[in-house]
1. Pull up the cross-link candidates among the aspartates and glutamates for K291, meaning alpha carbon to alpha carbon under 16 Å and not fewer than 8 places away within one chain.
2. Please say if region 123-280 is rounded, prolate or oblate, where rounded means a/c under 1.5 for a ≥ b ≥ c the square roots of the C-alpha gyration tensor eigenvalues, and otherwise the choice is prolate for a/b larger than b/c and oblate otherwise?
3. HN-Hα J couplings of region 4-11 from phi, Karplus 6.51/-1.76/1.60, θ = phi - 60°, integer Hz, Gly and Pro as x?
4. Which one, N280, A351, Q181, is farthest towards the positive end of the dipole of the chain when Lys and Arg carry +1 and Asp and Glu -1 on their Cβ?
5. Note down the relative contact order for the chain as a percent, whole number, built from C-alpha pairs under 8 angstrom at least six residues apart.
6. Gain in length, K318 to Q7, computed as 0.36 nm per residue apart minus the alpha-carbon separation, to one decimal in nm?
7. Along the three principal axes, how long is region 317-357 when you take its alpha carbons, biggest first, rounded to the nearest angstrom?
8. Need one number: nm distance between label points at E277 and L88, each 7 Å from Cα along Cα→Cβ, rounded to one decimal.
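Read-outs: derived from the displayed coordinates by stated rules, not from any lab. Just so it is clear, the structure is predicted and the values come from calculations on it, not from any experiment. Note that each Cβ is placed from the backbone with ideal geometry, even for glycine, and that neighbours are counted across all protein chains shown.
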Amino acid sequence: MQKLLAQSGHLEKINVALLTGSTKAAPRAEILAGLADGSIHLLVGTHAIIQEDVEMDNLRLAVVDEQHRFGVEQRGLLRRKGNNPHMLVMSATPIPRSLALTMYGDLDLSIIDEMPAGRQEIKTVWLAPTERERAYRFVLAQIEKGRQAFIICPLVEESDKIEAKSAIEEHKRLQKNVFPQLKLGLLHGRMKAKEKDAVMADFRDQKIDILVSTSVVEVGIDIPNASTILIEGANRFGLAQLHQFRGRVGRGEHQSYCILLSDSTTPEAEARLKVMENTNNGFTLAEEDLKLRGPGEFFGTKQSGLPSLKLVKLSDTKLLELARNTAKDIFETDPTMQAPEHTLLAQRVKAFWQKITDPS
């Protein structure tokens, strides 16, 4: 934000602050005071922004990135920091239109369905465990062309209960036995922030050829020179997560590739991997994901406020859209539902709110 404001000549006029969970007590107190008296104009931060003691003088606009990592109630907490501020929520994780209509009925929906200029479609292939050596040869060939690669593992460390590749053990094995001539880096969630930053800086500066990582690279990583991502245990990840992983490559001018290695297959996992092979379209993937596993855990953790529908399934997009449009029409023409034809509906709405406010 500081860079953008400097480019536009507004940095001196706009006071920008950063608030995270690791902000020390003294600077945090200073930031809270600046927010309360209005001397801080623009605040960038994490979930720390929605803490109770964060009060804002005149919040007019809230922008939430990676909104699928925020619950409905958390979004409401942020909105209540101001007097009904404008709110923009953004995500690169596509969700089915039917889910958007029900979960985000209070929002206008805007979809960017075009790739950034110059991007090429990522080529995706699903390989069996017996084809691992073929995958390694391909990764090596890409490195020899001057590119870089990611190798994703489902676990941080080996587990007696789960037979899946672990990042720590795999990093050791690959460095010693598979790519001894290359420089491999390791990244996982248990590392300290400084260690993570150092590894990512080395990868960005092309001091690391292959980054072995857990799912911590799912979002927020931009390495244009990385052209290949190899996902171990791809059958263990959902479609939305696989699509996010795939988006770590294909960010530069070079043709990029996604290799899915499954350690076993079930009919459900096989269906997911085939869909990944067949399409790069995130919206198509989202609809397929909904068909394959239903809406209950679409974002990994069940969203507070996700409606349980009594008469339709979330795949009934046309009927959901018709119901939503009808509700909007009624609200615009008869908001208090006084018309005779809306008597029964008014009774049901009243009963609904009584149940919400008094569950007993």
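1. Output for K291: E268, E270, D316.
2. Working: a/c = 1.40, a/b = 1.20, b/c = 1.17.
Rounded, because the longest to shortest axis ratio a/c is under 1.5.
3. 5, 5, 5, 5, 8, x, 10, 4
4. Result: Q181.
5. On the way: 497 pairs, mean separation 58.7, N = 360.
Relative contact order comes out at 16 percent.
6. Details: separation 311, 0.36 × 311 = 111.96 nm, distance 4.55 nm.
So the chain would gain 107.4 nm between K318 and Q7.
7. Ordered largest first, region 317-357 gives principal extents of 29, 23, 14 Å.
8. So the label points at E277 and L88 sit 4.0 nm apart.
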